[in-house]
Amino acid sequence: MKVIASSLRKGNMVELDGRLYVVLTAENIHPGKGVPVTQLDMRRLSDGVKSSQRYKTTDQVERAHVEDRQYQFLYQDGDGFHFMNMENYDQIAVPEDIVGDQAAYLQPEMKVRLSMHDVTPVAIELPQRVTLEVTETEPTTKGQTASSSYKPAVLSNGVRTTVPPHIAPGARIVVSTEDGSYVERAKD
């Protein structure tokens, strides 16, 4: 589907020379004199190479058709991460480079959104928050009552984060999957 270059935004997928790219930044530039242009910074999905392209704002660009579908995480092995389509129970293996750093937050039966181009997975979106257990943390120092004082902790998935002083090993906490930061104590 062809769209004008000025309508592209961060996260859109475009197809150039038969290859898929994800838009990292899109900036419309209107110089005092001359033709307005759109500056796109993109990353090629096949090998991760970054590139910059400049188009007139009215130029046509081929936008890739990407469909988001809900999948359930099953397991990980040498072939990658295995997910099951929630509608027809088909299974798909997603390569490790697509999952990336988010792999630490995947839990069995977790529901995720996979962006698919034809039958190829190109991106994954995890839930914003996940509940994990604190496996180790420093003991609280007496008199450490400042609300902004956090202490380092290691979670059950091996990720290091900082937690408030009242959190002890064995406590279940909610963390953000975006950056691994502490959100709140789990309600369960």
Point to revise | Full-extension gain in nm, Lys33 to Gln76, via 0.36 nm per residue minus C-alpha separation | key: 10.0 nm
Revision key, fill the gap. Quotient of Cα radius of gyration and Kirkwood radius for segment 84-173, i.e. Rg/Rh, equals 1.14
Point to revise | Cα-based Rg of segment 7-100 normalised by 2.2 N^0.38 Å, two decimals | key: 1.41
Check your understanding: How much of the accessible area of segment 23-142, in percent, comes from carbon and sulfur atoms when a 1.4 Å probe is used?
Key -> 45 percent
Practice item. Report the equivalent ellipsoid semi-axes for the chain in whole Å, largest first, defined as the square roots of five times the eigenvalues of the gyration tensor built from alpha carbon atoms. Key: 40, 24, 12
Revision key, fill the gap. With every protein chain kept in place and a 1.4 Å probe, the chain has an accessible area per residue in Å² of 61 Å²
Study note, to complete from the structure: Cα-Cα pairs in segment 51-114 separated by more than 15 Å, as a whole percent of all pairs, come to 60 percent
**Study point:** Proximal lysines to Lys187, defined as alpha-carbon separation beneath 28 angstrom and excluding residues fewer than eight positions away on the same chain
**Key:** Lys111, Lys142, Lys151
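The values are calculated or read from the model by the stated rules, or taken from the named source; none is laboratory data. These numbers come from a predicted model, not from an experiment. To get the accessible areas, we keep the full protein, side chains included, count just its heavy atoms, and leave off ligands, DNA and RNA. Shrake-Rupley method; radii C 1.70, N 1.55, O 1.52, S 1.80 Å.
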